[in-house]
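Please read the structure below before turning to the comments.
Derivation of every value follows stated rules applied to the coordinates shown; laboratory data play no part. Not measured: the values here are computed from a predicted model. Because the Cβ atoms are built from the backbone with ideal geometry, glycine has one as well, and the counts that use them run over all protein chains shown.
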Amino acid sequence: MDGGGAYGGGKAGAPFDPIAFVQRPQVIIKAACLLFSIIVFGCISSKGYKEENGKEYCLYNGDTNACNYGVGIGVLAFLASIGFLVGEYLFEQMSSVKTRKHYVLLDLGFSGAWAFLYFVGFCYLTNAWNSSPPSVDGYGVNNVQGAIAFSFFSIFTWAGSAWFAFQRFKQGTDAAFAPSYEADPVQQGVIGGFTSYPDSTDAAYQEQSFPQQQQRGMGEFQAPAY
């Protein structure tokens with residue numbers, strides 16, 4: 001089935017326009033998700049841990065799970081953002097409507113899930129940081145707070161990505177149920193013509209002629225004489 005124009009995309013096989021590609025809202029929001037994910041896991045990986053007495057511990061109140069959670073969702077978001085950017089590049093070349101539908105549903109599900117996970121991460125990291133003892137030398141404070149801030153921003157970027165995916169899915173659903181034909185006014189005129197045929201009075205006149213002939217015939221009849 002031809003995927004031209006399905007799910008908010010252009011017709012398959014159209015020439016690639018790099019300017020139009022980078023201006024596409026889905027590409028812009030995915031690029032923001034990519035950038036924020038790098039900042040989140042980069043801040044935690046670089047200075048989210050501190051070594052004391054030969055042992056490394058997490059600056060989020062010594063909770064290693066907090067650091068692992070921030071790095072984990074950041075790395076997965078980074079890889080997913082790259083994959084979705086490649087998908088946006090290939091989206092216009094997808095000639096199958098089913099393929100486009102599966103991509104849009106994957107985008108919708110993953111974006112919605114990661115918006116929720118970043119919300120959980122923001123609350124988790126914020127609570128752990130508020131419970132942490134004050135840093136004496138200020139080591140890693142900016143990185144820890146930067147990871148919290150961009151976890152908060154990532155909630156909205158991934159939620160925006162889910163919203164754009166939902167709009168695409170809605171466009172595809174509306175197009176699937178749109179009427180594929182229009183009523184022919186000529187045919188309507190022909191059909192309507194039968195309901196009000198102008199020569200219908202002639203038929204009534206012909207129907208009345210038979211009883212008149214029968215009555216006239218019966219009046220002129222004469223019994224034979226013997």
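Scoring H102 on the criteria (1) over 19 Å from D63 (Cβ atoms); (2) touching a residue at least 24 places away in the same chain (Cβ under 8 Å); (3) not small (G, A, S) leaves a single failure, condition (2). Entry remark, region 113-131: residues being more than 22 Å from F166 (Cα to Cα), among the hydrophobic types (A, V, I, L, M, F, W, C) and in contact with a helix residue (DSSP H, G or I) (Cβ under 7 Å, 6 or more places away or on another chain) number 4 in total.
Screening region 116-146 for residues that are of a type in the set (S, T, N, Q) and in a helix (DSSP H, G or I) and picking the one that is surrounded by the most Cβ atoms within 10 Å (Cβ to Cβ) gives N143. Residue count for region 125-164 satisfying the condition of being without any contact (Cβ under 8 Å) to a residue 40 or more places away in the chain, under 21 Å from I29 (Cβ atoms) and of a type in the set (G, A, S): 1.
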